[in-house]
1. Under the condition of being under 23 Å from the mean Cα position of the chain (by Cα) and β-branched (Val, Ile, Thr), which residue from region 45-67 is surrounded by the most Cβ atoms within 10 Å (Cβ to Cβ)?
2. Give me the residue from region 12-34 that is surrounded by 15 or more Cβ atoms within 10 Å (Cβ to Cβ) and among the β-branched types (Val, Ile, Thr) and, out of that set, modelled with the lowest pLDDT.
3. For region 42-86: of the residues being of a type in the set (Asp, Glu) and farther than 15 Å from LEU27 by Cα, which is modelled with the highest pLDDT?
4. Please count how many residues of region 30-61 are in contact (Cβ under 8 Å) with a residue 60 or more places away in the chain and either in contact with a Phe, Trp or Tyr (Cβ under 7 Å, 6 or more places away or on another chain) or under 16 Å from LYS73 (Cα atoms) (or both).
5. Every residue in region 4-29 that is of a type in the set (A, V, I, L, M, F, W, C), closer than 20 Å to LYS73 by Cα and not in a strand (DSSP E or B), please.
6. Restricting to region 38-61, name every residue that is part of a strand (DSSP E or B), closer than 16 Å to ARG91 by Cα and either of a type outside the set (S, T, N, Q) or not assigned by TED's automatic domain parsing to the domain that holds ARG92 (or both).
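The values are calculated or read from the model by the stated rules, or taken from the named source; none is laboratory data. This structure is a prediction, so every number in the text was calculated from the model and none was measured. Virtual Cβ from ideal backbone geometry, glycine too; neighbours counted across all protein chains shown.
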Amino acid sequence: MNRSIVGRHFDLTDSIKEYINSAMETLNKYNLDIISATTIISSNEKHGKKDFAVEFIINLKDKNSIVITQKNKDVYASIDLAIERVKKSLRRHADKIKGHRITSFKDMGEDAIAISEFDNTEEDIEIVPMDLELHKPLDFDEAVYALKEEKKRQFIVFNDNDGLLRVMYKRADGKFGLY
């Protein structure tokens with residue numbers, strides 16, 4: 001992870017740099033590929049009141065970026081609050097990535113059966129060719145109609161308007177999914 005700490009209108013001390021670096025070390029526990037982390041600390045003074053703004057820019061792989069800005073009267077307090085918000089964002093992002101499930105046989109319905117073992121000891125494997133005229137390409141409406149009418153088939157492959165192959169399947173809740 002590339003790290004950079006920048007101070008705008010603010011002189012960075014070694015203790016602040018060490019504090020930020022130690023806070024950045026805790027971000028590795030989310031097991032995300034963090035490409036770079038930039039910290040910008042700026043000092044603002046308006047109407048005689050001085051406050052500090054801390055901005056964290058975290059660049060993740062796959063072009064994902066997290067930007068957090070936090071203002072407070074104390075530099076260390078604004079760093080702490082910003083780090084907590086970065087941790088929350090990274091935790092949400094990690095949960096979103098881990099929560100992406102592949103469709104299981106439960107989702108496909110009661111009639112879906114998984115083949116647990118393939119018996120390849122038989123010498124007589126027979127391959128049956130299909131007549132392609134019987135299986136003409138379907139469009140979206142025809143695929144929905146075919147899945148509604150048939151009870152045994154759980155999914156159907158069809159061509160969409162752009163000519164790409166798509167898969168429509170029955171879900172356990174009676175709705176249709178589309179890949």
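1. The residue in question is ILE58.
2. Applying the filter and picking the extreme gives ILE34.
3. Looking at the filtered set, the residue picked out is GLU55.
4. 0
5. Those that are of a type in the set (A, V, I, L, M, F, W, C), closer than 20 Å to LYS73 by Cα and not in a strand (DSSP E or B): PHE10, LEU12, ILE16, ILE20, ALA23.
6. The answer is PHE56, ILE57, ILE58, LEU60.
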